[in-house]
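**Student:** First the structure, which I've put down as structure tokens, then a few questions once you've had a look.
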Amino acid sequence: MKKTMVVSALAIIALLSFACKKDGVKQALANAIAAEEGAVASGPQNYGYVVRLNASFCIFASDDTGSETDKVKWAASMPLGDRVTVGETRKLTYESDGTVYDFIEVRRDDGSDGFAFAAQVAAGGQLAVVVDEKANLFKSPKAVDVTGTLVSPKTVVVYYPETESGGFVEIKGYDYAIRQGGYVRLSSLSRKNSDIQSSIMLQTAVPLGNTGAEKIKKDALLEMALLEYPDSAFYTEILTLVNPNAASVIQTEPVPVRLSYMIVNDDNVNVRSVPDTVAGRVIDSLYEGDEVRVTEQTVAESVIDGERAHWYHLSAPVDGWVFGAFLDFTVNQ
């Protein structure tokens, strides 16, 4: 009886091993053995997120022999932020250029199995988006380990809550500087769904053309982002793309505050021509204790060096814009 069971088990293993290589489904053998033993596969699935716009989903172009010479070919694109089940990382040959790359096994929500370039998927963690205009990258969760590299705003990343230390957290993404991991200040990230999704829609829309079907898709994405995520950190930027004439209105809407005077709380505070650290030309400086008159503010807040605030338009002692983190309210009138 035992001999018969052993032979039967070996036959099943051989057949399933062939099926795994034929179909590229590596979990088939383990799941079938568990079922044969009356067990139910359990435990959390490994997962990851697509961190590149229009990431490549590939399938086998030749039989799976377990060698790096096995070829895979492009089959579809995966959207930025897509959640996938991930498996092993292995070396495979990309058919279109004949180069060997690191690929990671992925399963999409529709149940399709294939491979993604390992650099285009970050395993584990949670999605976030960079909202700080000066999000420095650090080698470790220490301020002294700053690399001098800035992670661009709107960059969708995966962050790992368990690595948080001293206000820093590890991130991974598609950008070369953070593929292998690095740290940013937690305050440089937004974990709000509205910020993440609107950034994804914005990045998806921007590369599209301005004629024909691409124009229709582009407009639909931007208008949907405005409609669904009005509290997004990128609302102003999206609105400006939809209606370029809205920029001046956005930047100069009257301040919805009771007090019109504020006090500068730091030295060498830049006053800029427009409320932007890149486009705004520095026209003057203010010092701690200076009293300023405020006439307007931006509708949307900006995040600079981890500080979130509006920009304020001053009429005295100089006409220009100052980032709100450097201003405090005063009761003087």
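**Student:** Taking region 163-181, which residues are within 16 Å of Y49 (Cα to Cα) and either hydrophobic (A, V, I, L, M, F, W, C) or outside any strand (DSSP E or B) (or both)?
**Tutor:** Filtering region 163-181 for residues within 16 Å of Y49 (Cα to Cα) gives 170-175, 178-181.
Once the filter is applied, which keeps residues that are within 16 Å of Y49 (Cα to Cα) and either hydrophobic (A, V, I, L, M, F, W, C) or outside any strand (DSSP E or B) (or both), region 163-181 yields I171, G173, Y174, D175, I178, R179, Q180, G181.
**Student:** Another one. Give, as residue ranges, the strands (runs of 3 or more DSSP E) completely inside region 54-162 that count at least 1 residues that are under 25 Å from S188 (Cβ atoms).
**Tutor:** So the answer is 55-60, 83-94, 121-123, 126-130, 135-138, 146-151.
**Student:** Select from region 89-125 the residues that are of a type in the set (D, E, K, R) and either touching a Gly at 6+ places or on another chain (Cβ under 7 Å) or more than 19 Å from V51 (Cβ to Cβ) (or both) and list them in ascending order.
**Tutor:** If the condition is that a residue be of a type in the set (D, E, K, R) and either touching a Gly at 6+ places or on another chain (Cβ under 7 Å) or more than 19 Å from V51 (Cβ to Cβ) (or both), then R90, K91, E95, D97, E105, D110, D113 are the ones that fit.
**Student:** Scan region 217-228 and tell me whether some residue there is among the basic types (K, R), surrounded by fewer than 17 Cβ atoms within 10 Å (Cβ to Cβ) and assigned to a helix (DSSP H, G or I).
**Tutor:** Scanning region 217-228, I find at least one residue that is among the basic types (K, R), surrounded by fewer than 17 Cβ atoms within 10 Å (Cβ to Cβ) and assigned to a helix (DSSP H, G or I), so the answer is yes.
**Student:** Could you list, in sequence order, all residues of region 129-167 that are touching a helix residue (DSSP H, G or I) at 6+ places or on another chain (Cβ under 7 Å) and among the aromatic types (F, W, Y)?
**Tutor:** Across region 129-167, the qualifying residue is only F138.
**Student:** Okay, next question. Within region 131-183, how many residues turn out to be among the small types (G, A, S), closer than 20 Å to V303 by Cα and either surrounded by fewer than 15 Cβ atoms within 10 Å (Cβ to Cβ) or without any contact (Cβ under 8 Å) to a residue 40 or more places away in the chain (or both)?
**Tutor:** Total satisfying the criteria: 5.
**Student:** Within region 287-307, which residues are part of a strand (DSSP E or B) and in contact (Cβ under 8 Å) with a residue 40 or more places away in the chain?
**Tutor:** E291, T295, E296, Q297, S302, V303, I304, E307
**Student:** Okay, next question. What is the one condition in (1) at pLDDT 95 or above; (2) in a helix (DSSP H, G or I); (3) closer than 27 Å to W321 by Cβ that V184 does not satisfy?
**Tutor:** (2)
**Student:** Considering (1) outside the structural domain of K142 (by TED's automatic domain parsing); (2) part of a helix (DSSP H, G or I), say which one P207 fails and leave the rest.
**Tutor:** Of (1) outside the structural domain of K142 (by TED's automatic domain parsing); (2) part of a helix (DSSP H, G or I), only one is false for P207: (2).
**Student:** Are any of the residues in region 247-258 surrounded by 19 or more Cβ atoms within 10 Å (Cβ to Cβ) and either under 22 Å from G81 (Cα atoms) or modelled with pLDDT of 90 or more (or both)?
**Tutor:** No, region 247-258 contains no residue that is surrounded by 19 or more Cβ atoms within 10 Å (Cβ to Cβ) and either under 22 Å from G81 (Cα atoms) or modelled with pLDDT of 90 or more (or both).
**Student:** Which of the residues belonging to region 291-308 are farther than 20 Å from T240 by Cα and either surrounded by fewer than 17 Cβ atoms within 10 Å (Cβ to Cβ) or hydrophobic (A, V, I, L, M, F, W, C) (or both)? Walk me through how you get there before you give the answer.
**Tutor:** Initial filter on region 291-308 (farther than 20 Å from T240 by Cα): 291-295, 304-308.
Hits for region 291-308 are E291, V292, R293, V294, T295, I304, D305, E307, R308.
The values are calculated or read from the model by the stated rules, or taken from the named source; none is laboratory data. Since we're looking at a predicted model, the values are computed, not measured. Every residue, glycine as well, gets a Cβ built from its backbone with ideal geometry; the counts of neighbours run over all protein chains shown.
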